[in-house]
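**Student:** Let me give you the structure first, and then I'll get to my questions.
The values are calculated or read from the model by the stated rules, or taken from the named source; none is laboratory data. Computed from a predicted model, the values in this text were never measured in an experiment. So basically every Cβ, Gly included, is an ideal-geometry build from the backbone, and we count neighbours across all protein chains shown.
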Amino acid sequence: MAKKDTPEQAEFRAHARKWLEENRPAPPKTRLPELAIEVALEEHRDYLCEWQKKCYEAGLVACDYPTEYGGGGHSGFQRIANQEMGRADVPFLINVIGLGMAAPTILHHGSDEQKKKYLPPLFSADEIWCQGFSEPGAGSDLASAQTSAVRDGDNWVINGHKVWTSLATFAKWMILLARSSNDHKYNGLTYFVAPIAATEGVTVRPLIKITGGTGFNEVLFEDVVVSDDMRLDDIGKGWTVAMTTLTHERGAAEGAGGGGMGIEERIDGLIELAKKTPRGSGTAWDDAVIRDRIVQIAIRAAGLRHTARRGRVDGLIEHPMRLPLQGKVVMTELMQDAAQIGLDLTGAAGSLYLKDPNAPDGGDWSHAYLNSYGMTIAAGTSEIQRNILGERVLGMAKSK
């Protein structure tokens with residue numbers, strides 16, 4: 001991809017690479033979680049917020065946003081920053097909900113005042129964001145959301161229950177989808193920026209996942225007052241605004257920054273694990289079947305890389321939703337399949353978990369495998385995504 005850089009992009013890539021080499025942070029005292037949405041400890045929050053702020057000040061975050069809203073004012077620079085952060089294997093950026101979902105939604109649907117107010121502290125991680133979409137009775141069927149927003153003069157009164165809310169423990173703001181009318185399923189929804197931290201009527205309760213960790217939460221609203229100037233777009237346009245959010249959540253944009261464990265690092269880890277895992281008189285890497293399984297993962301990953309390149313060429317996009325929906329399904333299932341191979345390689349030792357001194361690679365493979373199921377559910381289950389692809393992209397009849 002570097003060969004395709006313009007002179008300006010090549011200069012920025014060199015800057016990003018040099019800065020990351022010179023400013024790599026020391027590891028925290030305790031092991032970071034695998035993903036930003038799992039952050040639950042204050043020490044990790046503080047560590048990662050400081051790191052994101054440094055990256056932002058170095059020009060590696062919000063590169064492509066307008067300068068008047070705190071961005072770098074460039075085009076195509078964020079992709080390069082993400083690539084270099086991934087290559088450098090530095091810590092991930094904590095404000096993933098804000099960068100990946102809230103920021104592009106505010107940019108597309110917010111007023112000028114809202115953009116100036118919310119975006120700069122979001123980019124710097126001075127303010128953490130969470131997402132209030134799913135409810136106990138409205139997960140993949142998002143349009144059935146029942147959290148209510150009742151108009152009261154210049155304010156709205158919010159009541160309801162949101163669930164699977166990543167980073168809510170630390171969030172100052174939530175992008176919130178609420179029902180402002182019961183007369184229409186879709187046009188009865190309105191989109192807000194809701195205050196979370198230290199807000200009367202808001203209760204955040206952590207949820208424990210199969211991994212034993214948290215990061216997910218449930219958030220309860222009881223007569224929470226939100227001013228009308230915190231509404232995004234028009235009353236009843238919440239579904240339209242939410243589709244902007246989901247398009248970015250499902251991988252349509254490259255504005256969220258990088259870092260953290262990606263598929264390339266997983267493939268490298270599988271090769272290293274196979275080479276050090278005893279098998280017969282040699283190692284697992286000597287087994288042609290094992291090598292083939294890993295190569296198949298690498299081939300699928302290469303396909304995803306080239307598909308992402310295609311997605312940046314307008315003339316090669318025949319449907320605006322196909323690639324983001326397809327990419328979300330393929331990437332999450334690819335990461336799951338890679339973790340499955342790692343778990344198979346560890347054998348019985350794969351039953352050993354994090355913090356066990358005898359666990360291969362510190363229990364990372366068993367943790368990654370358990371964690372992978374959350375990713376195939378988040379942002380719309382793989383089943384729902386396939387239905388959307390079939391019905392909206394391919395034009396197939398709805399399944400009964």
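**Student:** When you check Gly59 against the structure, is it assigned to a loop (DSSP other than H, G, I, E, B), crowded, with 21+ Cβ neighbours inside 10 Å and without any contact (Cβ under 8 Å) to a residue 60 or more places away in the chain, yes or no?
**Tutor:** On the way: assigned to a loop (DSSP other than H, G, I, E, B): yes; crowded, with 21+ Cβ neighbours inside 10 Å: no; without any contact (Cβ under 8 Å) to a residue 60 or more places away in the chain: yes.
It is false that Gly59 is assigned to a loop (DSSP other than H, G, I, E, B), crowded, with 21+ Cβ neighbours inside 10 Å and without any contact (Cβ under 8 Å) to a residue 60 or more places away in the chain.
**Student:** Could you say which residue among Ala178, Ala125, Ala171, Ala103 is farther than 24 Å from Ser382 by Cα, more than 20 Å from the chain's Cα centre (by Cα), modelled with pLDDT of 95 or more and surrounded by 18 or more Cβ atoms within 10 Å (Cβ to Cβ)?
**Tutor:** Selected residue: Ala178, the only one of Ala178, Ala125, Ala171, Ala103 that is farther than 24 Å from Ser382 by Cα, more than 20 Å from the chain's Cα centre (by Cα), modelled with pLDDT of 95 or more and surrounded by 18 or more Cβ atoms within 10 Å (Cβ to Cβ).
**Student:** Which of the residues spanning the range 80-98 are in a helix (DSSP H, G or I) and over 13 Å from Ala171 (Cβ atoms)? Don't jump to the end; show me each part of the working.
**Tutor:** Here is the first cut: in the range 80-98, the ones in a helix (DSSP H, G or I) are 80-88, 96-98.
Matches in the range 80-98: Ile80, Ala81, Asn82, Gln83, Glu84, Met85, Gly86, Arg87, Ala88.
**Student:** Consider Ala14 carefully, then state whether it is surrounded by fewer than 17 Cβ atoms within 10 Å (Cβ to Cβ), modelled with pLDDT under 95, within 26 Å of Arg305 (Cα to Cα) and among the small types (Gly, Ala, Ser).
**Tutor:** For Ala14, the condition - surrounded by fewer than 17 Cβ atoms within 10 Å (Cβ to Cβ), modelled with pLDDT under 95, within 26 Å of Arg305 (Cα to Cα) and among the small types (Gly, Ala, Ser) - is not met.
**Student:** Would you call Arg305 surrounded by fewer than 18 Cβ atoms within 10 Å (Cβ to Cβ), modelled with pLDDT under 90, farther than 23 Å from Gly212 by Cβ and in contact with a Leu (Cβ under 9 Å, 6 or more places away or on another chain)?
**Tutor:** No, not satisfied.
**Student:** Kindly indicate the residue of the range 72-94 that is in contact with an Asp or Glu (Cβ under 8 Å, 6 or more places away or on another chain) and among the polar types (S, T, N, Q) and also surrounded by the most Cβ atoms within 10 Å (Cβ to Cβ) among those meeting that condition.
**Tutor:** Among those that are in contact with an Asp or Glu (Cβ under 8 Å, 6 or more places away or on another chain) and among the polar types (S, T, N, Q), it is Gln78.
**Student:** Here's a check for you: in the range 200-224, which residue that is β-branched (Val, Ile, Thr) and more than 15 Å from His161 (Cα to Cα) is surrounded by the most Cβ atoms within 10 Å (Cβ to Cβ)?
**Tutor:** Thr211
**Student:** Which condition breaks for Glu265 when tested against (1) at pLDDT 95 or above; (2) surrounded by fewer than 19 Cβ atoms within 10 Å (Cβ to Cβ); (3) part of a helix (DSSP H, G or I)?
**Tutor:** (1)
**Student:** Just give me the residues in the range 183-206 being among the charged types (D, E, K, R) and either closer than 24 Å to Ile106 by Cα or part of a loop (DSSP other than H, G, I, E, B) (or both), in sequence order.
**Tutor:** Once the filter is applied, which keeps residues that are among the charged types (D, E, K, R) and either closer than 24 Å to Ile106 by Cα or part of a loop (DSSP other than H, G, I, E, B) (or both), the range 183-206 yields Asp183, Lys185, Glu200.
**Student:** Hey, can you tell me all the residues within the range 196-244 that are of a type in the set (A, V, I, L, M) and either over 14 Å from Trp173 (Cβ atoms) or not assigned by TED's automatic domain parsing to the domain that holds Thr147 (or both)? Reasoning before the result, please.
**Tutor:** Initially, the range 196-244 is screened for residues of a type in the set (A, V, I, L, M), giving 196-198, 202, 204, 207-208, 210, 219-220, 224-226, 230, 232, 235, 241-243.
Of everything in the range 196-244, those that are of a type in the set (A, V, I, L, M) and either over 14 Å from Trp173 (Cβ atoms) or not assigned by TED's automatic domain parsing to the domain that holds Thr147 (or both) turn out to be Leu207, Ile208, Ile210, Leu220, Val225, Ile235, Val241, Ala242, Met243.
Yes/no per residue for (1) of a type outside the set (Val, Ile, Thr); (2) over 21 Å from Gly303 (Cβ atoms); (3) free of Cβ contacts under 8 Å to residues at least 40 places away in the same chain:
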{"position": "Pro324", "(1), (2), (3)": "yes, no, no"}
{"position": "Asp337", "(1), (2), (3)": "yes, no, no"}
{"position": "Leu343", "(1), (2), (3)": "yes, yes, yes"}
{"position": "Asp361", "(1), (2), (3)": "yes, yes, no"}
{"position": "Tyr369", "(1), (2), (3)": "yes, yes, yes"}
{"position": "Gly374", "(1), (2), (3)": "yes, yes, no"}
{"position": "Thr381", "(1), (2), (3)": "no, yes, no"}
{"position": "Val393", "(1), (2), (3)": "no, no, no"}
